[in-house]
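Encoded as C-alpha cells, the structure appears first; notes follow it.
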Amino acid sequence: MHFLHRTTFIFLVTLVSWAFGLRIELSSADRLELRNVDLPDGSEVTLYVIHGNPAVISFGNQKIIGETVEFDLTNQILRIIGDGTYYSGTETVQGNDLELVIDDELFSIADVVIVTSAIDVYGDSASKVPGQISIIAGRFSPCSRCSQIVEDYGFKADRLELFPGDRLVAYEVTVLIRGEPFFDLPLMVLPLAGAEFSPQFDLIAGSSTEKARVTVQWPYVSSSNAFGKFSINYFADVNPTNSNFLARMLLGGEITQSYLGGSLRHRFFTEKGHGEAELEYTPSFIVPEIVGGKTADFFKTRFFYSLDPEPQNTGPTDFLLERNDATRNRIVQYLLRASGSHDLLEATFKTQGFLDLSPKDSIEGPNYDDLAIPRKTIAEFGISSSQIAALRLGSLSLEDLHLAIGIFEDSPHPTNRDVASSDHVTAARILEGHTLTLDALSPWKGMELAGTTKFAGRYYDSGERLIDWDTNVKGSQAFGQIGLFSVSFYRDINEGQTPFLFDQNYPKTETSVYFNLDLVPLNWLAVTINGGYGFQNSRSPRTVGFQPMITTLNFLQNSSWITGSLSHQTDLKGDPGTLLVQGAVNTFNNGLKTNLVVTHIQDLKGEFHPNENTQFSDTETQLNAEFGFGDWFVVGATGGYAYSPPHIDNSNDSLEFWNDLELHLEVGTVNEKDQIPGLGLTYARDLNTGSFSSFDYEFSVSLGPISLRASEQFGRQGNTLPIGSYNLGWRDITSLSASGFHLLQPSWLGLAREEGNTETWEIELLDTPRNGHPSWQVSFRTQSAILETATDSRMNGTRGLQNSEIQTNLRVSNEYIGPFQFGVTAFAELMLKDHSRRHIFLRSANINLHSQLLNLVGLQGKLGFLGEFDQVNAIYTRSRLTISDFAVTVNPIKGLYFGTMIDDVWDFSGTTHGQYPWNFQPKLFVALDRCCWGFYAHWDSQSGQIKLAIGGPGNGKVFMQEFDTPLFLQTRQGRL
C-alpha cells in the first residue's frame with residue numbers, strides 16, 4: 001500500500017513483538033554521528049544521526065530508507081529527516097519526517113564515522129548495545145577536526161569501545177606521528193568528559209613570602225574499566241638573596257626547607273555502576289609567625305560508588321565516604337542511600353552522618369548541615385507507592401502514599417521549650433503522607449464536585465507531632481446556558497511542634513469558604529455576585545468574618561454603542577459599602593466617533609458634615625467625554641466632583657471638591673509611525689481655585705524621510721524643572737535631539753520662573769542606521785544655574801552656564817581599505833570653556849583598535865587617557881595613558897604567530913626636565929597553534945620573566961612554566 005498524498009506524514013508504530021533481542025541492521029550508511037541535545041525543559045537526549053546516500057536500516061523484515069535518520073536513544077524513536085520510505089514487510093509508506101517507536105537500542109553498521117562532542121572515531125564496522133558502541137579496526141585523533149592533510153598525531157586500534165560522554169577504551173593501540181607508527185600500547189583509555197586527565201607539569205618560582213611549587217600530574221590506565229591520574233606536589237621555602245642563577249631562575253632562590261604532597265584520583269566502572277576514589281595530602285608548612293610555628297597538614301579523601309538506574313528501579317543507590325580538612329578539619333562524613341521497587345511499592349533507606357576525629361577543636365559539624373538537612377540521619381527507612389500505583393474507589397483516588405521511619409540528630413527547634421536548652425536533640429520520627437483526590441463528580445445534571453486533600457504528619461517519640469494538611473473542595477451547579485453557581489472550601493492547617501530545626505514549619509490555621517454566582521437571564525443583562533466567609537485565620541485575624549461581597553449588573557453588553565453597569569460592594573460588617581454606577585456611549589458613523597463615560601460612586605455609610613474635619617466619604621462623580629472625526633480631529637474633556645473630600649487642614653476653604661478639568665485637543669495624530677502630521681494640546685484647570693493647573697503639547701510631522709517631534713509640559717509650580725524634548729530625524733541616516741529646556745517660555749503663559757533652579761540642557765547628534773547600533777554619536781551637555789564661582793566675578797549670583805562638556809563615540813566594524821581591514825571603538829570627553837571654566841581640556845578618552853593587513857600583520861589593543869586639569873595654573877595635575885594588550889602580530893604561515901605586546905601606564909604628569917614620560921618594555925612572544933596541540937613562549941622585557949607553555953586538545957594544559965631571568969630592558973629609572 002502506498003501513501004503519497006500527504007506532504008508531511010508521521011507514522012507511529014510500536015514494535016512490541018520485537019521488544020526483546022531486536023537488532024537494527026544498517027546495511028547501507030556513510031556516517032554515524034553522536035549528539036547530546038539539551039531540551040528547553042533542561043533535560044538531555046542522546047541522538048544517533050545516520051547519514052547515507054541513502055541510508056538503509058533493517059530490523060526483522062522491516063526496512064527504513066532515507067538520507068538522514070535520527071535514532072533518539074532516550075525516547076526510543078527512529079525519525080527520517082526529510083523524504084523517506086518505511087517498508088513494514090507487507091506495505092510501503094512514503095512521506096516526509098517519518099517517525100517510528102522501537103523498544104530496544106541495538107544496531108550495527110559497516111564503514112562508520114562516529115562524531116561525538118569530544119572526538120571523531122572511524123572504523124571498519126560498529127555495533128551498538130545499551131550504553132556503548134563497539135568499533136572494529138578503529139582509529140581516532142584529536143587532530144581529525146583540524147583540517148590537517150596529515151594529522152600530527154593519532155591512534156589506531158584493533159578494537160574500540162566507546163562509552164558516549166564518558167570514555168573511549170582502545171585495545172592493541174598503535175601511536176601514529178604524522179601518519180607513521182611510532183610505538184605500541186596494549187591498552188589506552190581516553191576520558192571524554194574534559195581535559196582534567198591530561199599530563200601536566202607546573203613549576204612556579206617562589207619568593208620571600210611565597211613558596212616555590214613543582215607539580216607533576218600524570219594519567220594512568222589500570223584496566224579497560226578503570227583509569228585515573230596521580231600528581232606529586234613539591235613545595236619549598238626559598239631565599240632569593242642567597243642563590244645561584246639556576247636556582248633563582250627555576251625556583252626563585254636557594255631552597256631552605258622542602259615539603260612533599262600528592263594526590264590520586266581514580267575512576268572505575270562495573271557491570272552495575274561506577275565509582276570514584278580520591279586521596280590528597282597537603283603537608284604541614286613551617287610558619288614561625290603563627291602559634292606552634294607550623295600549619296596543620298591536610299587530608300582530602302573521598303570514595304563514592306553508585307549503582308546505575310534500572311528500568312524497574314530508578315531511585316538512587318550510592319555510597320559516599322569523604323574527609324576534606326580544608327573545609328571541615330578532621331571531620332569524616334558518610335552517606336548511604338539505597339532504593340528498590342517491587343510491583344507497586346518503592347522502598348528507600350538512608351543513613352548520613354559524620355565522625356569527629358578531633359572533638360576538642362572548634363569544628364563540630366559537617367558541611368551539609370543546614371536548615372533543611374538534619375545533622376545526622378542515623379537511619380531512615382521509607383516505603384511509598386509507585387507512580388502507577390493508585391488506590392481507586394469510584395471517583396476517589398489515594399495517591400502519593402508514603403511512610404518513613406527514622407532516627408535523627410539535629411539542633412533543637414528554638415520555639416520548643418522542652419529542648420531549647422540542649423545543644424543537639426536525638427529522636428525517632430514517623431512520617432506519613434498521602435494525597436486524596438476526588439475526580440470531577442457529577443451527581444446530577446449540571447452539578448460538578450471535585451476536591452483534593454494533601455496530608456503530611458510527623459510523629460515523634462517524645463509525644464509531639466507536626467501536621468501539614470491542605471484541603472480544597474469546589475462544587476458548582478450550572479443552570480443551563482443562563483448561569484453558574486460555585487462554592488469553594490479551603491482549609492490550610494500547619495500545627496504542632498517539632499524537636500528538630502530541620503523540620504521547622506510556621507504554625508498556621510486558615511479556614512474559609514468562597515462563592516460565586518454568574519447569571520445571564522437576558523441577552524442584555526449579566527449578573528455576578530461573589531463573596532466569602534473566613535472562619536479562622538491565625539496569621540491575619542482581621543480577615544475572619546464576612547469577606548467583601550461584590551454584586552455587579554452589566555447592562556446592554558450585546559449593544560455596540562451603549563453599555564452600563566451597577567456594582568455594589570460591602571463587607572457585611574456594618575459598613576454598607578459603596579455603589580458604583582457607570583454608563584458609556586460609543587458611536588462611530590461615517591468617520592464621526594463619540595465616546596462618553598459617566599461614573600458615579602456613592603458612599604453609603606452616611607451623610608457628610610462639613611464642620612467635622614474627621615469625616616469624609618468616597619462619593620464622587622467622574623465624566624470623560626471625547627468627540628472626533630477619523631484620524632484627523634479629536635476633542636475631549638475629563639473632570640469630576642467629590643461630594644465629601646477629606647480636609648487638608650482645619651479650614652473649610654481648603655476642601656477640594658472639584659477634580660481638575662482637563663481639556664484635550666488633537667489635530668492629526670502625534671504617532672509618527674502613521675506619517676500623519678499631528679498636534680496635541682492638553683490644558684488642565686483647578687476649578688476649586690479658578691486657576692491654571694497644567695499645560696502640555698506634543699507635535700509631530702513627517703515629510704518623506706524627515707520627521708520632527710516636539711513636546712513640552714508646564715505646571716502651576718514655578719519651581720519645577722523644565723520638561724521638554726525635541727527631535728529632528730532623517731530616517732536611516734541621522735537624528736538630532738535636545739531636552740531640558742523650554743522653547744515656549746513660561747512667561748508667555750503667565751507663569752513665573754524660579755530663578756534658583758539648575759537646569760540641565762542636552763543636545764545629541766547621532767547616525768541611525770536601519771540595522772545595528774549607531775556608528776557615531778556626539779552629545780553636548782551643560783547646566784544653566786545661578787553661578788557661585790564664575791570666571792568673571794561680576795557674574796557671581798547671576799545665571800550662567802557651567803559644567804559644559806562634549807562626548808563623542810565612534811564605532812567601526814570590519815571596514816576595508818584595499819587589503820587593510822580594521823575596526824575601532826573610540827570615546828572622548830572634552831570639557832568646554834564656559835562661565836565657570838576658563839580653559840578647554842580633555843578629561844578622558846579611550847580607543848579599542850583591531851586591524852590586519854593581508855591576513856599577515858595584525859594590530860590590536862586598547863589606549864586609555866585620564867586627566868585632571870588645574871584651571872588656575874592652566875596645567876594638567878594628572879595625565880596618564882594606559883596601554884592594555886597593545887600588540888603587533890605577524891602570521892607568516894598558518895598556525896605560527898610572533899610579535900610584541902605592551903601593557904603599561906605612561907604618566908605624563910610630574911616628569912622632570914630631561915626625562916621621558918614613557919617606557920618601552922614590551923613582551924615578545926611566539927606561538928604555534930596546531931589546533932590539537934600548541935606551543936607558546938614570551939619574554940617580558942620589563943621583569944625579565946620567561947613563560948613557556950604546551951597545550952593539548954580542548955584547551956588542555958600539558959606544561960606551563962614561568963621563571964625569572966636577569967634579561968630585562970632598563971628604564972629611565974632602572975629596572976622596575
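The values are calculated or read from the model by the stated rules, or taken from the named source; none is laboratory data. All values reported here derive from a predicted model rather than from experimental measurement. Methodologically, a virtual Cβ is constructed for each residue, glycine included, from the backbone with ideal geometry; neighbour enumeration extends over all protein chains shown. SASA here: full protein model, heavy atoms, side chains in, ligands and nucleic acids out. Shrake-Rupley method; radii C 1.70, N 1.55, O 1.52, S 1.80 Å.
Quick check: anything in the range 737-744 open to solvent by 60 Å² or more (accessible area, probe 1.4 Å), in a strand (DSSP E or B) and either small (Gly, Ala, Ser) or closer than 24 Å to residue 681 by Cα (or both)?
No, the range 737-744 contains no residue that is open to solvent by 60 Å² or more (accessible area, probe 1.4 Å), in a strand (DSSP E or B) and either small (Gly, Ala, Ser) or closer than 24 Å to residue 681 by Cα (or both).
I'd like to know if the range 333-342 contains one or more residues that are over 30 Å from residue 232 (Cα atoms), surrounded by 13 or more Cβ atoms within 10 Å (Cβ to Cβ), over 37 Å from the mean Cα position of the chain (by Cα) and not assigned by the TED database to the domain that holds residue 228.
Looking for residues that are over 30 Å from residue 232 (Cα atoms), surrounded by 13 or more Cβ atoms within 10 Å (Cβ to Cβ), over 37 Å from the mean Cα position of the chain (by Cα) and not assigned by the TED database to the domain that holds residue 228, one finds at least one in the range 333-342, hence yes.
If I filter the range 652-699 down to residues being farther than 24 Å from residue 743 by Cβ and of a type in the set (Phe, Trp, Tyr), which single residue comes out as surrounded by the most Cβ atoms within 10 Å (Cβ to Cβ)?
658
Give the residues of the range 419-432 that are in a strand (DSSP E or B), surrounded by fewer than 17 Cβ atoms within 10 Å (Cβ to Cβ) and not β-branched (Val, Ile, Thr), sorted by residue number.
Matches in the range 419-432: 428, 432.
What are the residues in the range 700-717 that are outside any strand (DSSP E or B) and either touching a residue at least 12 places away in the same chain (Cβ under 8 Å) or buried (at least 17 other Cβ atoms within 10 Å of the Cβ) (or both), if any?
At the first step, the residues of the range 700-717 found to be outside any strand (DSSP E or B) are 704-705, 716-717.
The answer is 705, 716.
Quick check on the range 227-266: of everything there that is among the polar types (S, T, N, Q) and under 39 Å from the mean Cα position of the chain (by Cα), which residue is nearest to residue 281 (Cα to Cα)?
Result: 263.
Kindly establish whether residue 392 is part of a strand (DSSP E or B) and surrounded by fewer than 14 Cβ atoms within 10 Å (Cβ to Cβ).
Yes.
Return only the number of the condition from (1) open to solvent by less than 50 Å² (accessible area, probe 1.4 Å); (2) in contact with a strand residue (DSSP E or B) (Cβ under 6 Å, 6 or more places away or on another chain); (3) of a type in the set (Phe, Trp, Tyr) that residue 368 does not satisfy.
(2)
Condition first: open to solvent by less than 30 Å² (accessible area, probe 1.4 Å) and in contact (Cβ under 8 Å) with a residue 40 or more places away in the chain. Now tell me which residues in the range 489-501 satisfy that.
498, 499, 500
Within the range 929-951, take every residue that is at pLDDT below 85 and over 36 Å from the mean Cα position of the chain (by Cα) and give me the one that is least open to solvent (accessible area, probe 1.4 Å).
944
Among the residues of the range 358-375, are any aromatic (Phe, Trp, Tyr) and closer than 25 Å to residue 455 by Cα?
No, the range 358-375 contains no residue that is aromatic (Phe, Trp, Tyr) and closer than 25 Å to residue 455 by Cα.
Does the range 327-352 hold any residues that are farther than 25 Å from residue 401 by Cβ and in contact (Cβ under 8 Å) with a residue 40 or more places away in the chain, and which are they?
327
Quick one: how many residues across the range 262-285 are of a type in the set (A, V, I, L, M, F, W, C) and open to solvent by less than 50 Å² (accessible area, probe 1.4 Å)?
4
List pairs: first in the range 663-686 and without any contact (Cβ under 8 Å) to a residue 24 or more places away in the chain, second of a type in the set (Ser, Thr, Tyr) and assigned to a loop (DSSP other than H, G, I, E, B), Cβ under 8 Å, 6+ apart or cross-chain?
678/669
Scanning for something assigned to a loop (DSSP other than H, G, I, E, B), modelled with pLDDT under 85, open to solvent by less than 50 Å² (accessible area, probe 1.4 Å) and under 30 Å from residue 218 (Cβ atoms), does the range 909-926 turn up at least one residue?
The answer is no, given that none of the residues of the range 909-926 is assigned to a loop (DSSP other than H, G, I, E, B), modelled with pLDDT under 85, open to solvent by less than 50 Å² (accessible area, probe 1.4 Å) and under 30 Å from residue 218 (Cβ atoms).
Given the options 770, 837, 794, 811, name the one that is open to solvent by 70 Å² or more (accessible area, probe 1.4 Å), within 30 Å of residue 875 (Cβ to Cβ) and either at pLDDT 85 or above or basic (Lys, Arg) (or both).
Matching residue, one of 770, 837, 794, 811: 794.
Among what's in the range 460-470 and is without any contact (Cβ under 8 Å) to a residue 40 or more places away in the chain and surrounded by fewer than 17 Cβ atoms within 10 Å (Cβ to Cβ), pick the residue that is nearest to the chain's Cα centre (by Cα).
Selected residue: 470.
Suppose we filter 882, 889, 900 for residues that are polar (S, T, N, Q), closer than 26 Å to residue 822 by Cα, in a strand (DSSP E or B) and touching a Phe, Trp or Tyr at 6+ places or on another chain (Cβ under 6 Å); which single one remains?
Answer to the check: 889.
Considering only residues that are β-branched (Val, Ile, Thr) and surrounded by 12 or more Cβ atoms within 10 Å (Cβ to Cβ), look in the range 286-308 and name the one that is nearest to the chain's Cα centre (by Cα). Don't jump to the end; show me each part of the working.
Of the range 286-308, the ones β-branched (Val, Ile, Thr) are 286-287, 290-291, 295, 301.
Filter once more, keeping what is surrounded by 12 or more Cβ atoms within 10 Å (Cβ to Cβ): 286-287, 295, 301.
Numbers: 286: 45, 287: 44, 295: 41, 301: 34 Å.
Of everything passing the filter in the range 286-308, 301 is nearest to the chain's Cα centre (by Cα).
Based on what the data block shows, is residue 482 closer than 26 Å to residue 500 by Cβ and in contact (Cβ under 8 Å) with a residue 24 or more places away in the chain? Step through it out loud before you land on a result.
Details: closer than 26 Å to residue 500 by Cβ: no; in contact (Cβ under 8 Å) with a residue 24 or more places away in the chain: yes.
The answer is no for residue 482.
Which residues, taken from the range 534-576, are open to solvent by 50 Å² or more (accessible area, probe 1.4 Å), farther than 27 Å from residue 619 by Cα and part of a strand (DSSP E or B)?
535, 536
When only residues in the range 442-459 that are in a strand (DSSP E or B) and open to solvent by 70 Å² or more (accessible area, probe 1.4 Å) count, which is farthest from residue 506 (Cα to Cα)?
Here the answer is 448.
Take the range 408-418 and flag every residue that is under 20 Å from residue 379 (Cα atoms) and surrounded by 16 or more Cβ atoms within 10 Å (Cβ to Cβ). Before the answer, list the steps.
Here is the first cut: in the range 408-418, the residues under 20 Å from residue 379 (Cα atoms) are 408-412.
Answer for the range 408-418, where residues must be under 20 Å from residue 379 (Cα atoms) and surrounded by 16 or more Cβ atoms within 10 Å (Cβ to Cβ): 408, 410, 411, 412.
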